[in-house]
Amino acid sequence: MQSLPAMHTLLDTPCFAGCDKSVLKALANELLEECRQNQHTYENLAQWCNQLQARYEALLAPPFKKVYNATGVLLSTNLGRAPLESGALRELEIVNGYVDLEVDLQSTKRFERAFQAQNLLKAIFNAPDALILNNNASALVLVASAFAPKSKRKQTLLSYGQLVEIGGGFRAHELLDSVTHLKLVGSTNKTYLRDYRDACNDASELIVSVHWSNFSMEGFVASVPSKSLFSLAQEKDLIFYEDLGSMQSVEDTKKALKRTHLLSFSADKLLGSAQAGIVLGNKTHIEALRTHPLYRAFRVDKITLFLLTKTLQGCLQGQKTPIEIFLAQDKDALLNKALKLHRALSDLKALKAFVIPTQARVGGGVQGGLLESFGVQIQAGMDVKALYHILYKRGVAGVMRANCVVLDMYALFEKDISTIAQHIREVLEASA
């Protein structure tokens, strides 16, 4: 392998004039170490400088780039989950100065930062009390830590049938196991009420039910309804906590609240808001969570709190979030969007485009069937993988099929269709 360039040779190159030398040095060390490990080098100093400059510029690039979601998945974690209401984002400008986050301007005394949002949650869900955390996983940790801590040898009951992994390798039971003693009950496919009853002992404090996300079991299966688990918890003087995760209905959540001491869900998935974890339930139990030391580690910041509050106010006033508007689309609206994109591409001779029926989904772990949609299938004079990746680099996220790319209309804003057509046009012109 050719020798690596000296550090001072790289840093003193004229193209790095004006760059922060300490940051540049750290990046150069990283680059050189990677090349040593991989037995790789570059032919000349210019190539080394190009590599280092690319890393430096990547640090200063905008944190996010606009993406056009043509995947047919509404709540795509990779693409930021729920799109936010534009009016609330415009009002967010208020946080460029100081705000009354934790002070009551009338009394000038310290104030609970989430007071207004918690009251909105109580009103919307008819809940005794509410707590707002940074995500739903925090709710799992906080509830188990407060009511069945491992440090006090307390035990949490969970069905084998709920040992499920969701996106990103996340396993709720592993999170629970880090803070409480898990007592697994029943079997993978069948769990009965008697299994929970038989597992109860002096160390038992908590019964947890964890949602299956987008996983399901059929056939020779049995599980225990939440209502029965709640009754058993009351009988045994335990706490029943239900992790609803991704449920998509306010009304269903209100019903679930009647059969549990505590429940939690993701605000972005259920409400179409910013990412947060919402805990609803018994006043005494919520207060125990609010006063637990871990609550401070899990509370939300002012930006999340502002956006969530605006969503809740809109919900109370009957306003629709972007997610709700997408879900309300009928087949005619979806077909019209597909036809609009198809017409915008019709003059491109190097492109074959067809309007086709597709199947979309809510995503985000929300259980439910497929959603009828339409898409535009495109083929060009290039490898389908190449077309898919070139479009993705431009922010057009589609679906790759065997011999084509499909742009699904379900999660696309109609105002973006002309821009998507222009990106496709530019891709074809660049490859001509």
- Message: Among the listed pairs LYS109/LYS154; LYS152/LYS254; LYS269/LYS415, which have their C-alpha atoms separated by more than 30 angstrom in this model?
- Response: LYS109/LYS154; LYS152/LYS254
- Nearest-0.05 FRET efficiency for ALA61 and VAL250, computed from C-beta distance (R0 35 Å): 0.35
- Query: Pairs LYS227/LYS310; LYS349/LYS393; LYS122/LYS150: which exceed 29 Å Cα-Cα?
  - Reply: LYS227/LYS310; LYS122/LYS150
- Counting DSSP beta bridges in the chain, what percent are antiparallel, to the nearest 5? 55
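Suppose R0 equals 45 Å. What FRET efficiency, 1/(1 + (r/R0)^6) with r the Cβ-Cβ distance, do VAL95 and TYR160 give to the nearest 0.05?
With a Förster radius of 45 Å, E is 0.50.
Which whole-number percentage describes the relative contact order of the stretch 272-333, with Cα contacts under 8 Å and a sequence gap of 6 or more?
Over the stretch 272-333, the number comes to 49 percent.
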- When each pair of different Cα atoms in the stretch 88-161 is counted once in the 1/r mean, what is the Kirkwood radius in angstroms, to one decimal? 15.9
- Using θ = phi - 60° and the Karplus form 6.51 cos²θ - 1.76 cosθ + 1.60, what ³J(HN,Hα) does each residue of the stretch 224-234 get, whole Hz, x for Gly and Pro? 9, x, 4, 4, 6, 5, 5, 5, 5, 4, 5
- Message: Need the C-alpha centroid separation for the stretch 299-364 versus the stretch 44-117, integer Å.
- Response: 20
- Query: Counting other Cβ atoms within 10 Å, which GluC sites (Glu not before Pro) in the stretch 1-100 have at most 10 and lie in a DSSP loop?
  - Reply: GLU43
- Starting from the eigenvalues of the Cα gyration tensor, five times each then square-rooted, give me the equivalent ellipsoid semi-axes of the stretch 309-428, largest first, whole Å. 29, 15, 14
- Task: Averaging sequence separations of C-alpha pairs under 8 Å and six or more residues apart, then dividing by the length of the stretch 243-366, give the relative contact order as a whole percent.
- Result: 22
- Order the peptides 216-224, 392-400 from the highest to the lowest mean number of other Cβ atoms within 10 Å of their residues. 392-400, 216-224
- Query: What are the extents of the Cα atoms of the chain along their three principal axes, listed from largest to smallest and rounded to whole Å?
  - Reply: 74, 59, 56
- Query: Using Cα pairs under 8 angstrom and six or more residues apart, how large is the relative contact order of the chain, in percent?
  - Reply: 19
- Message: Is there a quick way to get the dipole size of the stretch 296-371? I mean about its Cα centre, with the Cβ of Lys and Arg at +1 and of Asp and Glu at -1; what is the value in debye to the nearest 20?
- Response: 220
- Query: Which one of PHE265, PHE64, PHE240 has the biggest mean-square fluctuation once the chain is modelled by GNM with Cα springs under 10 Å?
  - Reply: PHE64
- Message: Full-extension gain between VAL384 and MET217, please, as 0.36 nm times their residue separation minus the C-alpha to C-alpha distance.
- Response: 56.6 nm
- Note on the structure: Calc'd 3J(HN,Hα), the stretch 295-310, phi into Karplus 6.51 cos²θ - 1.76 cosθ + 1.60 (θ = phi - 60°), Hz, glycine/Pro = x, comes to 4, 4, 6, 9, 6, 8, 8, 5, 5, 4, 5, 4, 5, 5, 4, 4
- Item | Stretch gain in nm, segment SER86-GLU287, where the contour uses 0.36 nm per residue and the Cα spacing is subtracted | 69.0 nm
- Note on the structure: Across ALA353, ALA233, ALA328, the residue with the highest GNM fluctuation in the chain (Cα network, 10 Å cutoff) is ALA328
- Query: Where the Cα atoms of the stretch 1-111 are projected onto their three principal axes, how long is each span, largest first, in whole Å?
  - Reply: 69, 44, 25
- Angle, helix 136-147 long axis vs. longest principal axis of the chain, Cα atoms, 0 to 90°, nearest 10? 30
- For the stretch 231-286, convex hull of alpha carbons as volume per residue, Å³: 72
- Task: Name the residues whose placed amide hydrogens come within less than 5 Å of the amide hydrogen of LEU206, ignoring near sequence neighbours (fewer than 5 apart) on the same chain.
- Result: GLN155, LEU157, ILE239
- Task: Apply 1/(1 + (r/R0)^6) to the Cβ-Cβ distance of MET7 and TYR392, taking R0 = 30 Å, and write down the FRET efficiency to the nearest 0.05.
- Result: 0.25
- Can you tell me which of 122-128, 356-362 comes out highest on packing, and rank the rest after it, using the mean Cβ neighbours within 10 Å? 356-362, 122-128
- Query: Pulled fully out, how much extra length does the chain show between GLU43 and THR419, if you take 0.36 nm times their separation in residues and subtract their Cα-Cα distance?
  - Reply: 131.4 nm
- the stretch 97-244 - Rg over Rh from alpha carbon coordinates, Kirkwood radius: 1.06
- Query: Which of the peptides 373-381, 158-166 is most tightly packed, and how do the rest follow, judged by the mean count of other Cβ atoms within 10 Å per residue?
  - Reply: 373-381, 158-166
- Would you mind computing, in nm to one decimal, how far apart the modelled labels at LYS227 and SER431 are, each placed 7 Å from Cα along Cα→Cβ? 5.7
- Simple label model, 7 Å out from Cα along Cβ direction - GLN116 to ASN29, nm: 4.6
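Every number in this text was worked out from the coordinates using simple rules, so none of it is lab data. Since the model is a prediction, treat every value here as computed from it, not as a measurement. No Cβ is skipped: glycine too gets one built from the backbone with ideal geometry, and neighbour counts run over all protein chains shown.
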